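S.K.: Below you'll find the structure I mean.
The values are calculated or read from the model by the stated rules, or taken from the named source; none is laboratory data. The structure displayed is predicted, hence computed values, not measured ones. Glycine gets a Cβ as well: all are built from the backbone with ideal geometry, and neighbour counts include every protein chain shown. Just the protein is used for accessible areas: all its heavy atoms, side chains included, with ligands, DNA and RNA removed. Shrake-Rupley method; radii C 1.70, N 1.55, O 1.52, S 1.80 Å.
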Amino acid sequence: MDTTSTRAHADIRTAPRALATEAVHAGRDDLARQGLHAPPIDLSTTYPSYDSRGEAARIDAFATTGAEPDGPPVYGRLGNPTVARFETALARLEGTEAAVAFASGMAALSAVLLVRGSMGLRHVVAVRPLYGCSDHLLTAGLLGSEVTWTDPAGVADALRPDTGLVLVESPANPTLAEVDLRAVAHACGSVPLLVDNTFATPVLQRPAEQGARLILHSATKYLGGHGDVLAGVVACDEEFAGRLRQVRFATGGVLHPLAGYLLLRGLSTLPVRVRAASATAAELVRRLAADPRVARVHYPRIGGAMVAFEVYGDPHEVIGAVRLITPAVSLGSVDTLIQHPASISHRIVDADDRRGAGVSDRLLRMSVGLEDVEDLWSDVDQALGRPAGGAGNCATSHHEPAPAH
């Protein structure tokens with residue numbers, strides 16, 4: 001097993017490659033030279049060292065900069081070779097210098113807030129809607145932060161001397177509203193822009209190319225892609241990555257090596273999965289927008305596999321009537337999931353704030369998977385039930401469906 005360095009494979013540099021190629025090979029470029037095909041899983045929590053002076057020097061260096069220690073690994077909370085492979089691959093896909101993985105998406109966001117808060121920059125400017133727990137973390141001030149909510153056009157005016165972060169999610173959870181990332185990044189000035197890119201993934205957009213300094217993923221979703229791993233990751237420059245590693249070490253929000261392995265495996269099929277699911281989603285959007293039982297459809301211009309729609313009838317009855325589609329929280333899996341945000345994912349957000357952000361009580365959010373489109377539509381059709389008497393076709397699309405990517 002390769003445990004000589006948590007970043008040995010990151011030292012290999014290749015010519016620019018297409019996203020699909022990076023998805024398959026990033027984080028694995030050294031394997032063939034080691035006589036390996038599949039990445040090894042290093043489950044060690046600690047590592048032997050007979051050079052305690054050298055180990056002390058490496059730990060001192062980590063404490064100073066947060067850089068990954070040179071030489072053999074030291075302890076699982078400092079870093080793990082399997083997890084480092086996933087971090088290398090995700091950074092390559094997002095086009096950043098580094099990435100730092102955590103035990104969940106919320107652990108990743110918490111680490112960012114702690115880094116900025118430790119510098120006395122506790123104020124956050126944020127745009128709704130966000131994932132419900134992200135909204136709650138900011139609103140409740142659980143980590144000592146203070147938030148100013150604004151629309152994208154008001155970001156510049158909301159900045160203060162102690163603003164440490166601007167946070168947006170695009171497409172947003174659950175309404176799929178989109179933000180002009182380049183414009184917001186310009187409005188941020190020197191304040192880091194953090195973009196939650198969970199819904200889009202680097203297949204559909206790379207926020208770093210539009211000026212974002214930090215890119216957040218709930219890796220539980222599309223990056224893993226199979227509903228069997230819980231994780232978060234922040235893609236960023238190496239300077240910020242060092243601070244994130246120090247927070248991860250101090251707070252213990254580390255990613256398990258098996259999860260790192262599953263995520264690296266998930267990345268290899270990410271472009272194929274996202275593009276296939278997006279094509280199916282676009283067709284479902286077309287049918288939903290023409291359906292008299294649907295009041296409104298939300299779908300982003302960049303496309304994707306997420307669909308949100310508001311029904312004239314009882315959304316809870318739709319949830320209870322699906323048979324092929326799984327009624328469950330989360331998203332980005334190979335199977336299609338549906339949920340009622342006002343009841344579950346955004347229940348923790350104040351009802352007035354929730355509705356003000358466009359999360360109506362009749363909104364349903366569907367994560368389209370890899371099933372056949374006809375089978376999915378058959379399930380949606382029967383779950384929607386009969387049209388209400390006299391209902392006309394008033395369905396409108398939030399955005400024109402984009403071509404499948």
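S.K.: Lys/Arg Cβ at +1, Asp/Glu Cβ at -1, dipole of the chain taken about the Cα centre: which of Gln34, Ser49, Ala200 is farthest positive-ward?
M.R.: Of Gln34, Ser49, Ala200, it is Ser49.
S.K.: Can I ask one more? Please report, as a whole percent, how much of the solvent-accessible surface of the range 238-290 comes from carbon and sulfur atoms (probe radius 1.4 Å).
M.R.: Working: 1160 of 1980 Å².
Carbon plus sulfur share of accessible area: 59 percent.
S.K.: Quickly estimate the mean residue ellipticity at 222 nm for the chain, helices only: each DSSP H run with n ≥ 4 gives -39500 (n - 2.57), and the total goes over all residues, rounded to 500.
M.R.: -10500 deg cm²/dmol
S.K.: Okay, next question. Does the range 168-233 classify as rounded, prolate or oblate by the C-alpha gyration tensor (a ≥ b ≥ c root eigenvalues; a/c under 1.5 gives rounded; else a/b over b/c gives prolate, otherwise oblate)?
M.R.: Since a/c reaches 1.5 and a/b is larger than b/c, the shape of the range 168-233 is classed as prolate.
S.K.: Using only the Cα atoms of the range 275-356, build the gyration tensor, take square roots of its eigenvalues as a ≥ b ≥ c, and label the shape rounded, prolate or oblate: rounded if a/c is under 1.5, else prolate if a/b is larger than b/c, else oblate.
M.R.: On the way: a/c = 1.38, a/b = 1.31, b/c = 1.05.
The shape class here is rounded.
S.K.: About its Cα centre, how strong a charge dipole does the chain have in debye, to the nearest 20, once Lys and Arg get +1 and Asp and Glu get -1 at the Cβ?
M.R.: With only Lys, Arg, Asp and Glu charged at Cβ, the dipole is about 140 debye.
S.K.: From the residues Leu284, Leu364, Phe240, which one has its Cα farthest along the dipole of the chain in the positive direction, the dipole being from +1 and -1 charges on Cβ of Lys/Arg and Asp/Glu about the Cα centre?
M.R.: Phe240
S.K.: Moving on. Apply the membrane-span-like helix rule to the chain: whole DSSP H runs, Cα extent along the own long axis of at least 15 Å, mean Kyte-Doolittle hydropathy at least -1.0. List the helices found. Before the final figure, lay out the partial values.
M.R.: Values: long enough: 52-65 (20 Å, -0.29); 81-94 (20 Å, 0.07); 105-117 (18 Å, 1.62); 238-251 (19 Å, -0.56); 257-268 (17 Å, 0.98); 270-289 (28 Å, 0.51); 373-384 (16 Å, -0.12).
Membrane-span-like by this rule: 52-65, 81-94, 105-117, 238-251, 257-268, 270-289, 373-384.
S.K.: Just want the answer: with Cβ charges of +1 for Lys and Arg and -1 for Asp and Glu, which residue in Pro72, Leu90, Val100 is farthest toward the dipole's positive end in the range 53-100?
M.R.: Checking the options against the dipole of the range 53-100, the answer is Pro72.
S.K.: Could you order Trp149, Trp377 so the one with the most accessible surface comes first? Probe is 1.4 Å. Working shown, then result.
M.R.: Details: Trp149 65, Trp377 40 Å².
Putting Trp149, Trp377 in descending order of accessible area: Trp149, Trp377.
S.K.: Would you list Arg53, Arg213 from the most to the least accessible area, probe 1.4 Å?
M.R.: Solvent-accessible surface, decreasing: Arg53, Arg213.
S.K.: Okay, moving on. Please work out the C-alpha center-to-center distance from the range 254-332 to the range 58-108 and express it in whole Å.
M.R.: Their Cα centres are 31 Å away from one another.
S.K.: Something else now. According to the square roots a ≥ b ≥ c of the eigenvalues of the Cα gyration tensor, what is the shape class of the range 197-244, taking rounded for a/c under 1.5, prolate for a/b larger than b/c otherwise, and oblate for the remainder?
M.R.: Oblate.
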